[in-house]
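The values are calculated or read from the model by the stated rules, or taken from the named source; none is laboratory data. Keep in mind that what you see is a predicted model, and the values were worked out from it rather than measured. Methodologically, a virtual Cβ is constructed for each residue, glycine included, from the backbone with ideal geometry; neighbour enumeration extends over all protein chains shown.
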Amino acid sequence: MTRNRIVPLVSAVFVAIACSENKQPTNPNPPPPPPPPLNSVVVSLTSPNNDDGAVVVTLQGPSVSTLQRSSSGYLLYSRSPGAQETRVIVVGSLATGPLFTFAPAAGANLSAYSATVQQVANRADALRASTTGYTLTIAAAP
């Protein structure tokens, strides 16, 4: 190849590279909007029994406040032994479904909270030998 042929070829390559670098990148789909702020959270019980009279729940997560029972037939007692733990006792003719609600810490995500069943008693005030089969779910309140 002669020099007269190489120069235009090299120039064409540089022009192609320069043009490809100046292309505006295509915008991918915009990110989804952030979830709405979490104002209230509901803790619900699933029970293998139909005669539960009391449950002790340990709630883990940042700054829990404004606990309220989910049924007027329930009594609710709570205390926070630490900044990341709240213990809740719900007494009444308990049934599978919502136990109580609470206000989460400002800016907290639902995933920051967990709940476990510590003890259960039947309506005759006899402590259950096991908590197997009891589950708690935590969800944003409607």
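Every condition in (1) aliphatic (A, V, I, L, M); (2) closer than 20 Å to Arg123 by Cα; (3) not in a strand (DSSP E or B) is met by Leu38 except one, and the failing one is (2). Residues in the stretch 118-138 that are under 16 Å from Thr58 (Cα atoms), part of a strand (DSSP E or B) and either at pLDDT below 95 or not hydrophobic (A, V, I, L, M, F, W, C) (or both): Gln118, Gln119, Thr135, Thr137. Right, Leu76: of a type outside the set (S, T, N, Q), assigned to a loop (DSSP other than H, G, I, E, B), closer than 23 Å to Pro142 by Cα and touching a strand residue (DSSP E or B) at 6+ places or on another chain (Cβ under 6 Å) or not? For Leu76, the condition - of a type outside the set (S, T, N, Q), assigned to a loop (DSSP other than H, G, I, E, B), closer than 23 Å to Pro142 by Cα and touching a strand residue (DSSP E or B) at 6+ places or on another chain (Cβ under 6 Å) - is not met.
Against the criterion of being modelled with pLDDT under 95, among the hydrophobic types (A, V, I, L, M, F, W, C) and under 16 Å from Ala141 (Cβ atoms), Ala115 does not qualify.
Filter the stretch 82-117 down to residues that are hydrophobic (A, V, I, L, M, F, W, C) and part of a loop (DSSP other than H, G, I, E, B) and give me whichever is surrounded by the most Cβ atoms within 10 Å (Cβ to Cβ). Checking each candidate, the answer is Leu94. Residues of the stretch 62-73 include at least one that is part of a strand (DSSP E or B) and at positive phi.
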